[in-house]
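The block underneath contains the structure these notes are about, expressed in structure tokens.
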Amino acid sequence: MSTQTPTAAPPASAPVPPRRQEGGVLSRRRGAIATVIVAVLALAWLFPLLWALINSFREYEYTQANGYLSFGGWTTSNYEDAWSRGNFGLHLRNSLLITVPAVLLTLWLSSMVAFVLARFSYRFNLTLLGVFLAANLLPPQALLIPVFRMFREVPLPLFMSDTGSLLNSFWALILVNTAFQMGFCTFVLSNYMKTLPYEIYESAELDGASVWRQYWQLTMPLVRPALAALATLQVTWIYNEFFWATVLIQQGNKLPVTSALNNLRGQFFTDTNLVAAGSIIVALPVLVVFFALQKQFVSGLTLGSTKG
């Protein structure tokens, strides 16, 4: 009687982990659906700007005769007429004199406050941050009368304001925009600075670095992406601000560029193609700033998203 030696069972194969696709965890079908949805939303978001851009190169008489869904009547005279009738050169200069100092002052002051809140711990730390954030919680309309009366009573020398007060001067818009934007910038920068390693400040103190040197030479270079992102947002918000300009500025030659569009309205009808050309002129500086700081803007928004 022959005996058979039992054969060893073949080793069980280890389970193969699912292969991760390059660029994310979405399947190809879900990725295609997500791409289509994002493309549709982007087109819906950009449609008003693209429609205004197309009509800004068309004659008003042609669109009135053939409708806005037609194509033809191309011209560049709308931009020439809008620039001359809206006096965009003067109003763009006014917006430049308001926006640049307001953005620089906002970022500088908020970075100093954020450095103190992130670097030092004391009893009223959160209270101070809440005070700065309170300005963002109040609607501007609620402060219209007190701010107007206060700015009317604050004197200024004639070389700073031809009216002798904050009212009707660029300083009024610079200060009010700085006051309303500091809370948001302080909140963002303080959270950003808290992610910086504490050891670098200990090393700086051992080397004898003062608090000012830690702020200016150590912290400010490290928060450059956040400053670029905030600068892009602040330029957009302050440049497009119209409410305080109509309240605090009463002389037409000092109004910002957002008010120049009112000069393109006729007495009996409004040339919408001409207004579209003026709107494109107003939007161009913001688009230039965004594309110039696009890389820093994206890196500032996404920093810390991968920190464990």
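Just so it is clear, none of the values below were taken in a lab; they were calculated from the coordinates. Only a predicted model underlies this, so the values are computations on that prediction, with no experimental measurement involved. Positions of Cβ are backbone-derived with ideal geometry, glycine not excepted, and every protein chain shown enters the neighbour counts.
Rounded to the nearest 500, the 222 nm mean residue ellipticity of the chain from helices alone is -19500 deg cm²/dmol, with -39,500 (n - 2.57) taken per DSSP H run of at least 4 residues.
Cβ crowding within 10 Å, taken as a proxy for footprinting-reagent exposure, orders Glu199, Glu80, Glu59 from fewest neighbours to most as Glu199, Glu80, Glu59. Placing +1 on each Lys and Arg Cβ and -1 on each Asp and Glu Cβ, with no other charges, gives the range 90-302 a dipole about its Cα centre of roughly 200 debye. Packing around the peptides 89-99, 229-239, taken as the average count of other Cβ atoms within 10 Å per residue, puts them in this order, highest first: 229-239, 89-99. Each of Gln251, Gly31, Ala229 was scored by the projection of its Cα onto the charge dipole of the chain, and the greatest displacement toward the positive side belongs to Gly31; charges sit on the C-beta of Lys, Arg, Asp and Glu. Amide H to amide H, with H built 1.01 Å from N, Arg58 comes under 5 Å of Thr75, counting only residues 5 or more places away or on other chains. Sorted fewest first by neighbouring Cβ atoms within 10 angstrom, Tyr198, Tyr79, Tyr68 come out as Tyr198, Tyr68, Tyr79.
Taking the fewest neighbouring Cβ atoms within 10 Å as the starting point, the ordered list for Thr195, Thr76 is Thr76, Thr195.
Once Rg and Dmax of the Cα atoms in Å is calculated for the structure shown, the corresponding label among [x] 28.2, 105; [y] 20.2, 86; [z] 28.6, 123 turns out to be [z].
Amide H contacts of Ser165 (H built 1.01 Å from N, in plane; Pro and chain starts excluded): Leu156 sit under 5 Å, all sequence-distant by 5 or more or on other chains.
Backbone phi angles across the range 58-70, fed through the Karplus curve with coefficients 6.51, -1.76 and 1.60 (θ = phi - 60°), yield HN-Hα couplings of 10, 6, 5, 5, 5, 5, 5, 7, 10, x, 7, 7, 8 Hz in residue order; Gly and Pro are listed as x.
Membrane-span-like helices in the chain, defined purely by DSSP H runs whose alpha carbon atoms cover 18 Å or more axially and whose average Kyte-Doolittle hydropathy reaches -0.5, are 28-55, 88-119, 125-137, 170-194, 224-239, 272-292. Using alpha carbons only, the radius of gyration of the range 34-75 set against its Kirkwood radius gives Rg/Rh = 1.16.
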